[in-house]
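Student: What follows is a single structure, and I will ask about it in a moment.
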Amino acid sequence: MMRKFNSFVFLLVMASGCLFLLWHLRYDDLEPVQQHSSWLDGSITHALDQRIAKTTSSHKRLDNTLNGILYATTGDPDPQVRQGCPGWLFLTEELVETPKGQEHIKARLALINIVQAELKTRHISLVSVPIPDKVIQVKNQLCGLPVSTQAQSRYRTWQSVSSNTGLSQVDLTHGWVSPGYWHTDTHWDREGADYAAKQIASAIQPLLSGDMMSMDLRISEQTKPRIGDLTSLASLDMNVPPFAPAVEQEKTTVLSVEHRGGLLDDVAPPGIVLVGSSYSINSGFIDYLQWHLKREVVQKSVQGSGFAGSLIDLVTVPAEQLNDIQLVIWEWPLRVLFQPLTDKEKHYLQQHGVQL
């Protein structure tokens with residue numbers, strides 16, 4: 001019964017959106033669309049696309065209104081975002097199965113073997129940090145939201161297929177702080193970022209040489225609103241409850257590093273590089289990591305890096321730029337494991353003779 005109601009509300013909202021679009025198109029100059037030739041050469045679709053794009057691009061409020069109604073009535077505001085327990089949003093991408101996932105894993109294993117070999121010739125250690133999916137780490141907040149078998153076994157699959165690569169890895173699945181993730185965001189919250197940084201630091205300390213540094217990490221008592229990326233993705237970011245989840249509050253961190261020596265003394269370059277995704281950029285993770293290591297870390301992470309985007313960027317720079325690096329920390333979200341290869345990954349593999 002509830003499914004039928006949700007479907008009815010969805011169709012009602014979509015119909016309202018179509019009526020709104022037609023209402024705003026009624027005064028447009030549609031003469032090219034009405035010409036017989038435009039139906040023959042295909043220009044009708046081009047003309048309509050331009051007018052629809054012009055009409056809808058300036059109506060962000062409409063998107064928020066329609067999706068807000070969907071959120072308030074059905075809990076599912078957008079095909080890319082699903083609601084679990086009240087106020088908890090999840091990325092649909094983490095829930096569903098990706099076709100031909102095993103083929104993509106096989107190619108990515110070949111990629112990692114190539115990268116490891118390249119770094120080994122330069123005497124650089126590589127440590128992998130696969131980030132478990134939010135739907136797995138906070139599964140007690142799903143409230144019945146279905147998770148595909150592929151998604152449930154993603155971490156176990158990676159452990160199995162990567163066991164023969166010799167790749168050093170950090171496990172973040174055990175002892176995880178709860179919840180460790182923002183309600184309306186795909187990323188760690190401050191506690192999750194701190195825990196991940198502590199686990200990574202503990203795992204890589206034996207691989208490092210050189211003195212530790214004096215550091216001071218301060219967490220602000222003041223907070224600021226944080227609009228989650230899932231809230232924005234679902235076009236709910238202009239809404240208030242009950243037409244959107246409540247906005248969360250975030251504290252900020254400030255890391256101070258004391259460099260030894262005078263102003264004119266040479267300062268040794270950091271020997272640790274972090275190549276990761278948006279997880280490494282959000283929630284103060286880089287500050288927590290340096291704090292637990294008592295060493296500086298060079299941030300080379302990139303938003304939307306996927307599986308190996310920022311890692312490929314690093315290993316393809318001129319060799320002399322890697323001379324001072326001892327260790328590369330490679331962070332990547334597990335949800336991309338089964339996804340099709342990016343153009344950057346394909347190009348890198350083809351450059352090294354891998355047939356795709």
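Student: Can you tell me the alpha carbon radius of gyration of the range 103-225 divided by the globular rule-of-thumb value 2.2 N^0.38 Å?
Tutor: Rounded to two decimals, the normalised Rg is 1.29.
Student: Residues of the range 157-183 with backbone nitrogen within less than 14 Å of a virtual label 7 Å along the Cα-to-Cβ line of N140, please, listed as ranges.
Tutor: It comes to 175-181, nothing else.
Student: On to the next question. Counting only the heavy atoms of the protein chains, how much of D189 is accessible to a 1.4 Å probe, in Å² to the nearest 10?
Tutor: 20 Å²
Student: Tell me, in nm to one decimal, what length is gained between H174 and T252 on full extension, where the rule is 0.36 nm per residue of separation less the Cα-Cα distance?
Tutor: On the way: separation 78, 0.36 × 78 = 28.08 nm, distance 2.64 nm.
That works out to 25.4 nm of additional length.
Student: Roughly how many Å² is the accessible area per residue of the range 174-296, as a whole number, for a 1.4 Å probe?
Tutor: Dividing the accessible area of the range 174-296 by its residue count gives 50 Å².
Student: Obtain the radius of gyration and the Kirkwood radius of the range 264-341 from its C-alpha atoms and give Rg over Rh. Walk me through the numbers before you get to the answer.
Tutor: Numbers: Rg = 13.7 Å, Rh = 13.5 Å.
Dividing the radius of gyration by the Kirkwood radius yields 1.01.
Student: Express in nm, to one decimal, how much length is gained between T223 and Q355 on full extension, taking 0.36 nm for each residue of separation and deducting their alpha carbon distance.
Tutor: So the chain would gain 42.4 nm between T223 and Q355.
Student: What's the ranking of 65-73, 294-302, 245-253 by average number of surrounding C-beta atoms within 10 Å, highest first?
Tutor: By packing density, highest mean first, the sequence is 65-73, 294-302, 245-253.
Student: Given a Förster distance of 22 Å, report the FRET efficiency between S163 and K106 from their Cβ-Cβ distance, rounded to the nearest 0.05.
Tutor: For S163 and K106, the calculated efficiency is 0.90.
Student: What would the Debye equation give as log₁₀ I(q)/I(0) for the range 153-285 at q = 0.13, 0.17, 0.19 Å⁻¹, counting only Cα atoms as equal point scatterers?
Tutor: Summing over Cα pairs of the range 153-285 leads to -0.79, -1.12, -1.25.
Student: Would you kindly state how much longer the chain becomes between K294 and H259 on full extension, computed as 0.36 nm times their sequence separation minus their alpha carbon distance, in nm to one decimal?
Tutor: In short, 11.4 nm is gained.
The values are calculated or read from the model by the stated rules, or taken from the named source; none is laboratory data. Just so you know, these numbers come straight off a predicted model, no measurement behind them. Methodologically, a virtual Cβ is constructed for each residue, glycine included, from the backbone with ideal geometry; neighbour enumeration extends over all protein chains shown. Calculation scope for accessible area: heavy atoms of the full protein, side chains included, ligands and nucleic acids excluded. Shrake-Rupley method; radii C 1.70, N 1.55, O 1.52, S 1.80 Å.
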